[in-house]
Each structure stands twice: as C-alpha cells, then as structure tokens.
1. Tell me, yes or no, whether the stretch 58-69 has at least one residue that is open to solvent by 60 Å² or more (accessible area, probe 1.4 Å) and within 24 Å of residue 188 (Cα to Cα).
2. List the residue pairs whose Cβ atoms are under 7 Å apart, where the first residue sits in the stretch 128-143 and is without any contact (Cβ under 8 Å) to a residue 40 or more places away in the chain and under 19 Å from residue 184 (Cα atoms), the second is open to solvent by 30 Å² or more (accessible area, probe 1.4 Å) and part of a loop (DSSP other than H, G, I, E, B), and the two are 6 or more positions apart or on different chains.
3. Determine whether residue 137 is open to solvent by 10 Å² or more (accessible area, probe 1.4 Å), part of a strand (DSSP E or B) and farther than 17 Å from residue 70 by Cα.
4. State yes or no: is residue 136 of a type in the set (A, V, I, L, M), under 17 Å from the mean Cα position of the chain (by Cα) and closer than 14 Å to residue 109 by Cα?
5. If you check 170, 191, 197, which single one turns out to be hydroxyl-bearing (Ser, Thr, Tyr) and under 14 Å from residue 16 (Cβ atoms)?
6. Could you please give the count of residues in the stretch 165-190 that are of a type in the set (D, E, K, R), modelled with pLDDT under 90 and buried (at least 16 other Cβ atoms within 10 Å of the Cβ)?
7. Restricting to the stretch 132-164, and then to whatever is at pLDDT 95 or above and among the small types (Gly, Ala, Ser), can you tell me which residue is farthest from residue 179 (Cα to Cα)?
Amino acid sequence: MSTSLIVIGHPDDECFMGASIAKFVSEGHQVYVGALADGETSRIGAIADAVMTRQQKQDAAAQVLGCQVLEGPSCLDQRLDARELLDLTQMVEAWIWQVKPSVVYTHSPHDLNADHRRVYEAVLPAVRPKSGVQAVYCFEGPRMLQFTPTSFVAVTEAHLKQQQEALRCYGDELSGGEWELIKARAVECGYHVGVPYAEGFEVVRECR
C-alpha cells in the first residue's frame, strides 16, 4: 500500500484527477489532499462564510472520492505570488512530514492559473531526495497553455462517475460543458494507451 499526497491551489482542484484518486483508494492506497489557498477571497463580494462553505464542500468531495483532506494555511486566493516561496515550500514540507508520501501530485507549470503555477514552484524544493518522495507528477487542469502527458492511469466508468459526483459537491464551480470536456479527455488519454478511459500526467521524476 502506498501513500499519495496531492498538493493543490484551491479546494476543487483535486477533482481534476478525481478518477485517479477514486482508483487509488479502491486499490487500498492512502490519498491525502492539501490546498494552499482558500479559493474564495479573490471573488468580488466574498465573505468569510464562503471560505468555510468551500471547505465543507471539499470535505464532501473527499468523502465521495475516499481521500483525506489535510488542514492547510488557507492563504488568500490568487495571492500566492505575494507569499515568500520559502514559506509555501515549508507548508508543503509540513504535509510531507505528516503523511510521508511516496508519490506527490501537483499542478503543471503550464497551467494558466497563477496560483497553480506558484504551487508547482513551491512543491519542487519540498520533494527533494531527502524527503522520501520517490515520484512526482503533474495533473492536467481545465485551462492549460500546453500539457504533454507521458504517464497514464487507466480508470473505469465507475471512477469517472465518482469524479463527476465529487465535482458536483462544489455546486456551480463547473458548467455542464466542462464535464463533457473532462470525460472526452479521459477517452482521448485512454486511446493513447489502449484502454477505454485514462487520466494523463506529466512526469517530474519517478523511481521504478
């Protein structure tokens, strides 16, 4: 049994690799999710209750997928570039020390979201060799400059249904059309590796 840590910018980002999470959990692996930013405070008219509500939505989504949510720093949304990179890296390191993952997943450096790119920058020094992390992968977000997966996780229709249900926990975060794009991408990735559905990942490093 392995332990995976998924480091994300905001609650709901974990759902973009939700089918893989569902598969890992079904195989008996432990999966933890940690978000660095709250995902709400950049919105016009945002109130404190919205942050708590979003955390509750993440807990509900985690229950659907079977993963565990780690307590995070809840940095201001779309303000991660204003935080010292060392501070963010130390936050990630604290999670690594806590759960001791062998695999870490995070955002791609090609993501259009500035917070997502900052998370990637914070994760890299946190997963240095002495961390015990053997593999690091980037997952695909909804808005990418480019994404070239070289590693794939085969998933099933049941895993995709769990992913969709987890996304629904966040209410209006995704329009109906975006789910069709996510599923179409799963079909496309599956085609590349000869299975009905798959999720693709960029390899930062891996040890087999």
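The values are calculated or read from the model by the stated rules, or taken from the named source; none is laboratory data. This structure is a prediction, so every number in the text was calculated from the model and none was measured. No Cβ is skipped: glycine too gets one built from the backbone with ideal geometry, and neighbour counts run over all protein chains shown. For accessibility, only protein heavy atoms count, side chains too; no ligands or nucleic acids. Shrake-Rupley method; radii C 1.70, N 1.55, O 1.52, S 1.80 Å.
1. Step one: list which residues in the stretch 58-69 are open to solvent by 60 Å² or more (accessible area, probe 1.4 Å), which gives 59, 63, 68.
If we keep only those that are within 24 Å of residue 188 (Cα to Cα) as well, we get none.
Within the stretch 58-69 (the criterion being open to solvent by 60 Å² or more (accessible area, probe 1.4 Å) and within 24 Å of residue 188 (Cα to Cα)), the answer is no, since none of the residues qualifies.
2. What qualifies is 143/112; 143/113.
3. Working: open to solvent by 10 Å² or more (accessible area, probe 1.4 Å): yes; part of a strand (DSSP E or B): yes; farther than 17 Å from residue 70 by Cα: yes.
Yes, satisfied.
4. Numbers: of a type in the set (A, V, I, L, M): yes; under 17 Å from the mean Cα position of the chain (by Cα): yes; closer than 14 Å to residue 109 by Cα: yes.
It is true that residue 136 is of a type in the set (A, V, I, L, M), under 17 Å from the mean Cα position of the chain (by Cα) and closer than 14 Å to residue 109 by Cα.
5. So the residue among 170, 191, 197 that is hydroxyl-bearing (Ser, Thr, Tyr) and under 14 Å from residue 16 (Cβ atoms) is 170.
6. Residues of the stretch 165-190 that are of a type in the set (D, E, K, R), as a first pass: 165, 168, 172-173, 178, 180, 183, 185, 188.
Remaining after also requiring modelled with pLDDT under 90: 172-173, 178, 180.
Within this subset, residues satisfying the condition of being buried (at least 16 other Cβ atoms within 10 Å of the Cβ) are 173.
Counting residues in the stretch 165-190 that are of a type in the set (D, E, K, R), modelled with pLDDT under 90 and buried (at least 16 other Cβ atoms within 10 Å of the Cβ) gives 1.
7. If we take residues in the stretch 132-164 being at pLDDT 95 or above and among the small types (Gly, Ala, Ser), then 135 is farthest from residue 179 (Cα to Cα).
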